[in-house]
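One structure below.
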Amino acid sequence: MSAAPNLASLAAPPLVGNVRDAELPWVFVGEGIELKVLRVVRDTGVWVVRNRFAPGVSIPTHKHTGDVHGFTLSGCWHYAEYKVDYPAGTYIYEPAGSIHTLTVNADNREPTDVLFVMRGSNLNLGPDGTTIWRVDDGPTTLAFYYAVCEAQGLPRPRVLEV
């Protein structure tokens, strides 16, 4: 018969972090683009955002230094380079090193809402495909989100930060 575990040695489980969607404001970050930042983990480089895109929006070509998971909540989008639609209910996985141009279908009748879980940075590329004109990562996106909330007169949201 085995001995009972020493209950004093069992650590309490970690608290489950959470944030409610309604508590995070959408902020306008460019023509037809809105953003919510849900979580940023500085030591692992993980960041979680939701983007809402108007029909026909295209964002600059970019390269991911880490992997990306995405889930389309509404609407439909695709990468210009791949010609595969990702309608509501679609999960995507992008390996590190992916280069593409996110494009929202112009015939959408509603905004396209996508949840992205990313690791590392997005390197925004110039027209030549090699020049990096901006680098986005969790900490810079979070600082931008807070600044835009403040500029739009919104209270500072409670984002999960680690």
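A short reminder: the numbers here are calculations on the coordinates, not readings from a lab. The shown structure was predicted, so the numbers you read here are calculated from the model rather than taken from an experiment. Using ideal geometry, Cβ is built from the backbone for each residue, glycine included, and neighbour counts are taken over all protein chains shown.
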Fill in: Residue-wise HN-Hα coupling along region 107-117, computed from phi with Karplus coefficients 6.51, -1.76, 1.60 (Hz; x: Gly, Pro)
8, 4, 9, 8, x, 9, 10, 10, 9, 10, 10
Response to the item:
Any residue on another chain or 5+ positions along whose placed amide H is under 5 Å from the amide H of Thr90 is listed here as Thr72
Worksheet item: For region 24-154, what is the relative contact order in percent, using Cα pairs closer than 8 Å and at least 6 residues apart in sequence?
Response: 30 percent
Item to complete: Could you calculate the contour length gain from Thr65 to Val162, that is, 0.36 nm times the residue separation minus the distance between their Cα atoms, to one decimal place in nm?
Response: 32.9 nm
Worksheet entry | 0 to 90° range, to nearest 10: angle between helix 138-151 axis and the chain longest Cα axis | 70 degrees
Worksheet item: Can you tell which of Asn124, Val114, Pro87 lies farthest toward the positive end of the dipole of the chain, using +1 and -1 charges on the Cβ of basic and acidic side chains (Lys, Arg; Asp, Glu)?
Response: Val114
Item to complete: Starting from the Cα gyration tensor of region 24-154, take the square roots of the eigenvalues, sort them a ≥ b ≥ c, and report rounded, prolate or oblate (rounded when a/c is under 1.5, otherwise prolate if a/b is larger than b/c, else oblate).
Response: rounded
Practice prompt. With θ set to phi - 60°, apply the Karplus curve 6.51 cos²θ - 1.76 cosθ + 1.60 along region 39-50 and write out the HN-Hα couplings as whole Hz, x wherever there is a Gly or Pro.
Written response: 7, 9, 10, 5, 6, 9, x, 7, 9, 10, 9, 10
Worksheet item: Taking only DSSP H segments of four or more residues, each worth -39500 (n - 2.57), what value at 222 nm results for the chain once the sum is divided by all its residues, to the nearest 500 deg cm²/dmol?
Response: -3000 deg cm²/dmol
Discussion item. Along the Cα→Cβ direction, 7 angstrom out, place labels at Asp136 and Asp107. What is the inter-label distance in nm?
Written reply: 2.7 nm
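With a/c under 1.5 counting as rounded, go ahead and sort region 100-162 into rounded, prolate or oblate using the C-alpha gyration tensor (a ≥ b ≥ c being the square roots of the eigenvalues; past the cut-off, prolate if a/b is larger than b/c, else oblate).
oblate
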Item to complete: Collect residues whose amide H, placed 1.01 Å from N in the peptide plane, falls under 5 Å from the amide H of Asn105; neighbours closer than 5 in sequence don't count.
Response: Gly56, Cys76, Trp77, His78
Worksheet item: Say each of Ala88 and Val29 gets a label point 7 Å from the Cα, pointing the same way as Cα to Cβ; how far apart are those two points in nm?
Response: 2.3 nm
Worksheet item: Can you list residues whose amide H is under 5 Å from Thr61's amide H, if they're 5+ apart or on another chain and H is modeled 1.01 Å from N?
Response: Leu125
Worksheet, complete the sentence: Per the rule of 0.36 nm per residue minus the C-alpha distance, extending Arg42 to Val16 adds in nm 7.6 nm
